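The values are calculated or read from the model by the stated rules, or taken from the named source; none is laboratory data. These numbers come from a predicted model, not from an experiment. Positions of Cβ are generated from backbone atoms using ideal geometry, with glycine treated the same way; all protein chains shown enter the neighbour counts.
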Amino acid sequence: MKNSNGSGSISKLKGKRRKPWYVRATIEFSSDGKQIRKSIGTFATKREAQEALYNYNKNPLLYSKKTFKNILDLWWSAYTKRVTQKTTISTHIYRMRAFESLHDRIIADIKLFELQELFDSMTTSWSFKNGCKSVLNMIFDFALKNEFIDSNRVSFIEIGKKEKVIERRVFTKKEIETLWENLDSKYCYIILILIYTGMRIGELLNLKNEDIDLHNSSLTIRESKTDAGVRIIPISSKIFNLFVANMVKDQEFFLKGDTTHQLSYSTFKPRFQKLLKSLDIEPHTIHDTRHTFATLLNNANANQSAITKLIGHSDFSITENVYTHKDTEELRKAIDLLC
């Protein structure tokens, strides 16, 4: 059956071929009415060729040969106009490094089993895999909405069961003393600042020198995970000199990277872990510093409202249930209060 004029053509190539059916699509007409065609490809059966031509006429973008990197760049340009939080952007940039092997692939040709193999080969944590899957889903969803692909199968990628939730551990008094005793070790002062301010690591990384008011001993958090996180934190006298000693004139961010104007999370995290190991301090997550801050305040019977505001929460129950930990010594003191 002959295709209608302008819909393209299917022909069988001569000779013995694995894919003898050749498909061409009409992309436009010349000034004299002749069809200008482009090759869609060759196919093993006539049925496959007919389906390819039909799909092309239905959605030419499927055959635009856009690479994964082409679509990633288009998506990223649109995404960063909507989402401007620096910590989110830097986290996604770090996650997108996992997709470099896909950059030159035509996105419409990428199969589910290839994506699954990519995730299976990752030796990272479940949370990192889950974050990568989330970003990949947004990229493929963008491609689907803009008709560069005909389906998004990212949701079918399996990353296994979530590992056991990390048990939060506060820094002990002895561990904090060890940090004070080793201020000559790079990054010790950063850990102590986190412990005595309760800042999220992202908040500290985004802290600018102009946000540190030494005259009034306070700092202002202008970018945070939540609205309640935007706050002013008084600088404890214990760490005041840590700010004075480490502020560099004419430097935009308080924490500078080795070769960048801002220290990144991906740089700090492994160095944080390496430092603790070198000081014979038990393993901790960076977020443990925030738990330690809340616990120190709680142990000191600080005002509940004050703890909530300092942590950057809107409800003390969140702070109390998640961030405060009574250690054995403090529990013993409470028991001793009983008559």
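Some observations on this one:
- Out of ILE157, ILE239, ILE221, ILE201, sole residue that is touching a strand residue (DSSP E or B) at 6+ places or on another chain (Cβ under 6 Å) and touching a residue at least 40 places away in the same chain (Cβ under 8 Å): ILE221
- Neighbours by Cβ (under 6 Å, 6+ apart or cross-chain): first from the range 134-145, outside the structural domain of ILE107 (by TED's automatic domain parsing); second at pLDDT 95 or above and of a type in the set (Ser, Thr, Tyr): none
- Filtered by the rule that a residue be outside any loop (DSSP other than H, G, I, E, B) and crowded, with 16+ Cβ neighbours inside 10 Å, the range 240-264 gives LEU242, PHE243, PHE253.
- Residues of the range 278-311 classified as of a type outside the set (A, V, I, L, M) and under 26 Å from the mean Cα position of the chain (by Cα), total: 10
- Check on SER237, exposed (fewer than 14 other Cβ atoms within 10 Å of the Cβ), in a helix (DSSP H, G or I) and at pLDDT below 95: no
- A residue that is among the hydroxyl-bearing types (Ser, Thr, Tyr), under 22 Å from the mean Cα position of the chain (by Cα), under 21 Å from ARG168 (Cβ atoms) and not in a loop (DSSP other than H, G, I, E, B) cannot be found anywhere in the range 216-227.
- Residue check, SER134 modelled with pLDDT under 90, closer than 24 Å to SER90 by Cβ and surrounded by fewer than 15 Cβ atoms within 10 Å (Cβ to Cβ): no
- Hits in the range 145-197 - residues which are surrounded by fewer than 16 Cβ atoms within 10 Å (Cβ to Cβ) and assigned to a helix (DSSP H, G or I): LYS145, SER155, PHE156, LYS173, LYS174, GLU177, TRP180, GLU181
- Qualifying residue in the range 137-155 (condition: out of contact with any Gly (no Cβ under 8 Å at 6 or more places or on another chain), β-branched (Val, Ile, Thr) and under 27 Å from ASN299 (Cβ atoms)): no
- From the list LEU102, LEU192, LEU118, the one residue that fits, being free of Cβ contacts under 8 Å to residues at least 60 places away in the same chain and within 30 Å of LYS58 (Cα to Cα), is LEU102.
- Scanning the range 285-309 for residues that are of a type in the set (A, V, I, L, M, F, W, C) and not in a helix (DSSP H, G or I), we see that the one that is surrounded by the fewest Cβ atoms within 10 Å (Cβ to Cβ) is ALA300.
- Some residue of the range 266-273 being in contact with a Pro (Cβ under 8 Å, 6 or more places away or on another chain) and part of a loop (DSSP other than H, G, I, E, B): no
- First in the range 285-301 and within 17 Å of PHE268 (Cβ to Cβ), second anywhere and small (Gly, Ala, Ser), Cβ under 7 Å, 6 or more apart: ARG290/GLY198
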